[in-house]
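Report on one structure; see the data block that follows.
The values are calculated or read from the model by the stated rules, or taken from the named source; none is laboratory data. Model, not experiment: these values are computed from the prediction. Neighbour counts run over all protein chains shown; Cβ positions are idealised from the backbone, glycine included.
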Amino acid sequence: MNVIETKLKGCFVIEPTVFIDERGYFMESFNAERFNGAIGRKVDFVQDNQSYSTKGVVRALHYQIGEHAQAKLVRVLYGKVLDVAVDLRKDSPTYAEHIVVELSDENKKQLFIPKGFAHGFVTLSEEAEFFYKCDNYYNKASEGGIIFNDPTLNIDWRLPEDKLIVSVKDRILPTLQNARL
């Protein structure tokens, strides 16, 4: 497993070791001991989530606040997405900066997003199945979000905005300036 810290401290791209032969492939998608050692701290995941989306679907930018904040380990089981993490830690030197990582069933990369970040993705392939682990349970009263096209963040979603499919709930999210952090 190759673990690369991004420009956003505590946010890591994880490239698992994949063994390929005539039968297909095998990889260890998660090992708590190796994962915790690689990122330098213990994370106890308590909830797994999975979603299916078609091309152009944007699910963004979401987070949990307070005691219900969540760290996530995300990956794509089928298809390809552009995954986005935004640093919302006010005391961070990279506050309001973001990274984008292409995750796919082909590259098998994963992204670890620590607490204090907003997260989202857009589906680049015709279809995608997205899977993620969370270290805290979802709590509706603690959910927050930032509009996907916030001009301050200036995220390049790699698809024209008129081709993006965004839920009504996500279309009315506030800008970063007005977000509940």
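Worth pointing out:
- Qualifying position, being over 26 Å from Tyr78 (Cα atoms), crowded, with 21+ Cβ neighbours inside 10 Å and modelled with pLDDT of 95 or more, among Ile113, Ile146: Ile146
- Candidates Leu77, Leu88, Leu73, Leu124 - the one that is within 9 Å of the chain's Cα centre (by Cα) and surrounded by fewer than 24 Cβ atoms within 10 Å (Cβ to Cβ): Leu73
- Filter result for Asn178 (farther than 25 Å from Lys7 by Cβ and polar (S, T, N, Q)): yes
- Checked against the criterion of being modelled with pLDDT of 95 or more, touching a His at 6+ places or on another chain (Cβ under 7 Å) and closer than 25 Å to Asn2 by Cβ, the candidates His119, His98 yield just one match: His119.
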